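Laboratory data are not the source of any read-out in this text; all were calculated from the coordinates shown. These numbers come from a predicted model, not from an experiment. When we count neighbours, we look across all protein chains shown, and the Cβ atoms used for this are built from the backbone with ideal geometry, even at glycine.
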Amino acid sequence: MTTTEQAPGQAGPRILLVEDEPRIRDFITRALVKVDCLELGAQDYLTKPFSLAELLARVRVRLRWEPHAANEVLRAGDLILDVGRLEANIGHGPVPLTRLEFLLLRELMEHAGQSVGKSQLLASVWGYDFDPGSNVVDVCVRRLRSKLGFDLIKTVRGEGYQLAS
């Protein structure tokens, strides 16, 4: 069953909730209304079993994402990040990025020359704390490296990641 729920009297963002079990659907709907945020669509999903805290954190990140000006461009050395198009260019032409890749790269660009810890990246990009053993940051960094070059992001042992200068 597919339902679109929106809090009564609220004209804000909507979340598409797909859940075949009525009790779980009602539980999630109540939790979303409590955090004041009842269409993410297929851009993000969780499979069962899932943590309610993780679901709510993902929702907060989605709601926090606001499109930027179409012509906004960030620069760090040879790296250019086109905010409106979600593309990066390191001198070899534009490379499309996923939203998470874009957010991770932007965070590293904002701290160019500094190492950024995994916990900081988890909080700023994903909007919540993962299990310290999670490899979600590593996976996203690996995807960025494969798209933009393996020398772009350095691993700082025991600290995190750093945009190469």
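Quick look at the values:
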read-out	value
Per-peptide average of other Cβ atoms within 10 Å, ordering 101-110, 82-91 highest first	101-110, 82-91
By average C-beta atoms within 10 angstrom, highest first, the peptides 17-23, 112-118	112-118, 17-23
